[in-house]
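Input: a single structure, listed below in structure tokens.
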Amino acid sequence: EAPSIVWALDGTVAVVRLNRPDRLNALTAEMLDLWRATLGEAVAAGARAVLVTGEGRAFCAGADLAATAAAMAQRDLSDSLRDHYNPLTRAYAELPVPVVTAINGAAAGAGAAFALAGDIVVAARSSYLLLAFANIGLVPDAGATWLIGKAAGRAKLLEMALLGERLSAEDALAAGLVTRVVDDAALFDTALGLARKLAAMPTVAMGLIRKQVAVALTGSLDELLEVEADHQALAASTQDFREGVAAFLQKRAPVFTGH
Ligand code: T3D
């Protein structure tokens, strides 16, 4: 059987594909663990940005409900979340490089959460988000309410979570959940272009910015100011900072190495 996640380096971009297209890339425990391991492997292999997309006509249909039903016969779903879903959400939060998501079709249930966990989310015009949880009697997980609440606010979050209706790419753009909508045929190249641009940026700063934004959205102003001070010292200690300043003063384009 083909691996449920496949990935390859394109220069310094790790292109990660969810690969159960006949199940609309529905998630199994094994697939979630492999996805998380892949993020770590990609960084270890030198990736300076990650692009995540789905193979076939969907991004991800959320939990594989056949697997969920089987798992429930054996144990509590909280174990499934704690052991497989939450670690992937945390791996996204802690990743030292930026992530671009290319939503190529349905992003449903936990699939919507993991799509929106990307830093820059590009949606194909025909794609949609769907908080499918309530439709089957579950509640949102994988951080979906956190991500959507932060990005779109309480009203949109409650509408999506309670009604369980599809939100089109254009409506997701209007709600601030994604930042770009492109024609289906242009999705991959647009996302890859953004990932390549991010991979050529000062990588240490990219990682620090990701963490700082999370603090800005959750912590107090005082906490943020302290984090900024710490992060600025780290950023300023990089070769890329020296290169950035030198290039500016010499009126040339900088060449960042990620160090
Ligand atoms: O620990 C835990 O496991 C709990 C964690 C829960 C987290 C969650 O994500 S809960 C939410 C789970 N997801 C859903 O409820 C969404 C279910 N899927 C759908 O509502 C629809 O499939 C879509 C709206 C995503 C797409 O609709 P459509 O009409 O384009 O496709 P389809 O015909 O429904 O699906 C195509 C096939 O994929 C079909 O199989 P078939 O008939 O060709 O043999 C369908 O059963 C299968 N499929 C789609 N989603 C799932 C799935 N199989 C298993 N699990 C799925 N989630």
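At-a-glance table
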quantity: Residue check, residue 56 modelled with pLDDT of 95 or more, assigned to a loop (DSSP other than H, G, I, E, B) and under 20 Å from residue 196 (Cβ atoms); calculated: no
quantity: Residues of segment 19-49 that turn out to be outside any helix (DSSP H, G or I) and surrounded by 17 or more Cβ atoms within 10 Å (Cβ to Cβ), as a count; calculated: 10
quantity: Any hit, segment 189-204, residues being small (Gly, Ala, Ser) and touching a helix residue (DSSP H, G or I) at 6+ places or on another chain (Cβ under 8 Å); calculated: no
quantity: Total residues in segment 76-111, condition near the ligand (Cβ under 8 Å from one of its atoms) and aliphatic (A, V, I, L, M); calculated: 5
quantity: Candidates 57, 36, filtered to the one that is among the basic types (Lys, Arg), out of contact with any His (no Cβ under 9 Å at 6 or more places or on another chain) and on the phi < 0 side of the Ramachandran plot; calculated: 57
quantity: Hits in segment 59-70 (condition: assigned to a strand (DSSP E or B), free of Cβ contacts under 8 Å to residues at least 60 places away in the same chain and either more than 6 Å from the ligand (Cβ to nearest atom) or over 23 Å from the mean Cα position of the chain (by Cα) (or both)); calculated: 60
quantity: Residue match in segment 180-202 (condition: surrounded by fewer than 13 Cβ atoms within 10 Å (Cβ to Cβ), farther than 28 Å from residue 15 by Cβ, in the same structural domain as residue 28 (by TED's automatic domain parsing) and without any contact (Cβ under 8 Å) to a residue 12 or more places away in the chain); calculated: no
quantity: Within segment 112-156, tally of residues that are more than 10 Å from the ligand (Cβ to nearest atom), within 18 Å of residue 173 (Cα to Cα), in contact (Cβ under 8 Å) with a residue 24 or more places away in the chain and surrounded by 19 or more Cβ atoms within 10 Å (Cβ to Cβ); calculated: 15
quantity: Residue match in segment 154-168 (condition: within 30 Å of residue 233 (Cβ to Cβ) and at pLDDT 95 or above); calculated: no
quantity: Residue in segment 157-175 that is of a type in the set (S, T, N, Q) and over 19 Å from the mean Cα position of the chain (by Cα) present; calculated: no
quantity: Among the candidates 73, 14, residue that is in contact with a helix residue (DSSP H, G or I) (Cβ under 8 Å, 6 or more places away or on another chain), more than 19 Å from residue 132 (Cα to Cα), assigned by TED's automatic domain parsing to the domain that holds residue 165 and more than 9 Å from the ligand (Cβ to nearest atom); calculated: 14
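The values are calculated or read from the model by the stated rules, or taken from the named source; none is laboratory data. Worth saying up front: this structure is predicted, and the values here are computed from it rather than measured. All Cβ positions, glycine included, derive from the backbone under ideal geometry; neighbour counts span all protein chains shown.
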